[in-house]
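These notes are about the structure you will find just below.
The values are calculated or read from the model by the stated rules, or taken from the named source; none is laboratory data. This structure is a prediction, so every number in the text was calculated from the model and none was measured. All Cβ positions, even for glycine, are placed from backbone atoms using ideal geometry, and neighbour counts span all protein chains on display.
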Amino acid sequence: MDVGPKTSVVDTLRRFLTSRWNASLNLLNMDHLQQDPILSEANILPPGVKGSHRDLGTALWKLSAEMFPNLTTLSFAGNTLTTLQPLSMLGQYLPKLANLSLERNELRWARDLDVLTTKRHGLHELQELVLLGNPIQQTAMEGGNEEGYRRDVLAKFPTLRILDMKPVQDVERGFSQLFKGRSDKRAGPEAAQVPLRPFALQTKAGFVDGDAAQVVPEFLSLFFSAYDQDRTRLAPVYSANARFTFSLNTSPPPRARAERLLHTMPHQKQLTFDKYVELGSRNLMRTHSVKPLLRSMHHGSEAIVAFLRRLPVTAHPLHDSSKFVVDAWLLPNVDVQAQTNAMERPDALLFINVHGEFTEAPSQGIRSFDRVFMVAPAMPDSQARQLGWPCLIVSDMLTLRHYSRETAFQPNSLPIAPEPLPGLTPEQHAMSLQLSAQTSLSYPFAVQCLGENDWNMTRALSVFTSLQAAGTIPPEAFVRTA
């Protein structure tokens, strides 16, 4: 199909668009295009269908802008789109588009929306977006992560008033902007100035059960030394029934992104996740078929060690305990029912949760990791015990992620959320916490600021900015920092 000089094609597209136009609603209905009789009769494959002309989308939006200057609403539902490339020129020809439905397509990732948010041709006045029925929305809902999903979408479209037919609250719009990439090129947490959301409980040091205090340091020292130097030495410590999995979290933490650690730390740009992706990540939020899940579960000492040897070479900073935090406690095996082999079932297990970092070869970049072990006592006559290991590994779950500073898990690294003031609704309390985080106002003054502005977040921020510029806010109104 040629959308250039062939008038017959242009006439067909005009007739097709006319059949889809609802003038009373200023709506262009482009739902279920594969079933459209006009396109089918003309042998025109709809945008997004394999074999469709690459310029068809551009032609449609250009014609739409000419034919329907009052177009404010576009529905592109039920078209099995896996990419929004056919809609990439929407913003050029329909920059005033206010409402867009992409319901019941096949969009999987928040990044799929990026083609609609470019600085030059983005939909910068979009007020309503519908993504219901797409894997990105369904997976979030099934995983109990609706808040995170909405936050990611709102970070891309800050003008939205309605998302998936639900009004956007001021509090969630404000929080979404905390996670948006910052343009400040200075490095360091002070330059980033990313407000920390208060946590309900005080951040404390790692907890190690008294009964585990002697075993855990010895086990972890032996394990990470062998892991860094010669992974074949780990064969005796994985039990015959052991399970190992690893998963990737490839999204940089917001503060690490704001601090531009990828750009300011040496060697970080040389780090990629390609090798790990090839080997098979078990990230259940991003793996949707059974076969990859089965392949990513490694069973038994021989298979586990063989797989570990395929992972990149590492060096854990075992000389610096501040780079790690460990939680460990005894766990009755009556509920877990773990077995070290076909015959042995220990009475108790030791649960060990480690957060830390390592340097990866050959790039010498630094990654952060989380590793969860369940271990059982090594029997006196076992090979592991004879080689000096106090435990056998029953389960090992490794999560790899972008580097984030160890300050994240140090004691008192997060402010404690204050109790709500009497008479506040939960939403007002949340808005007050948000305003406090964005402005450094103390919680009582944030409540006062919002209350005096009818609990309108935009107005409260505007008033705060004006008063701060005039220098009329007293020092005691701000949170005191150490």
Handout entry: Matching residues in region 309-325 - criterion: being over 26 Å from the mean Cα position of the chain (by Cα) and hydrophobic (A, V, I, L, M, F, W, C)
Key = 313, 315, 318
Practice task
Write out, first by first residue and then by second, each pair whose Cβ atoms fall under 7 Å of each other, whose residues are 6+ apart or on separate chains, and whose first residue, in region 314-328, is within 23 Å of residue 271 (Cα to Cα) while the second is small (Gly, Ala, Ser).
Solution key: 316/356; 318/221; 318/225; 323/356; 324/356
Completion exercise
Every listed condition ((1) surrounded by fewer than 20 Cβ atoms within 10 Å (Cβ to Cβ); (2) at pLDDT 90 or above; (3) over 19 Å from residue 250 (Cβ atoms)) holds for residue 294 save (2)
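Does residue 224 meet the test of being buried (at least 19 other Cβ atoms within 10 Å of the Cβ) and either modelled with pLDDT of 80 or more or not assigned by the TED database to the domain that holds residue 145 (or both)?
Values: buried (at least 19 other Cβ atoms within 10 Å of the Cβ): yes; either modelled with pLDDT of 80 or more or not assigned by the TED database to the domain that holds residue 145 (or both): yes.
Spelling it out, residue 224 is indeed buried (at least 19 other Cβ atoms within 10 Å of the Cβ) and either modelled with pLDDT of 80 or more or not assigned by the TED database to the domain that holds residue 145 (or both).
Quick one: would you say residue 120 is assigned to a loop (DSSP other than H, G, I, E, B) and under 22 Å from the mean Cα position of the chain (by Cα)?
Details: assigned to a loop (DSSP other than H, G, I, E, B): yes; under 22 Å from the mean Cα position of the chain (by Cα): no.
No; evaluated as a whole, the condition is false for this residue.
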Completion exercise
All-but-one check, residue 356 against (1) in a strand (DSSP E or B); (2) of a type in the set (Gly, Ala, Ser); (3) at pLDDT below 85, failing number (3)
Fill in the blank from the handout: Residue hits (region 261-283; under 16 Å from residue 405 (Cα atoms) and assigned to a helix (DSSP H, G or I)) are 261, 262, 263, 264, 268
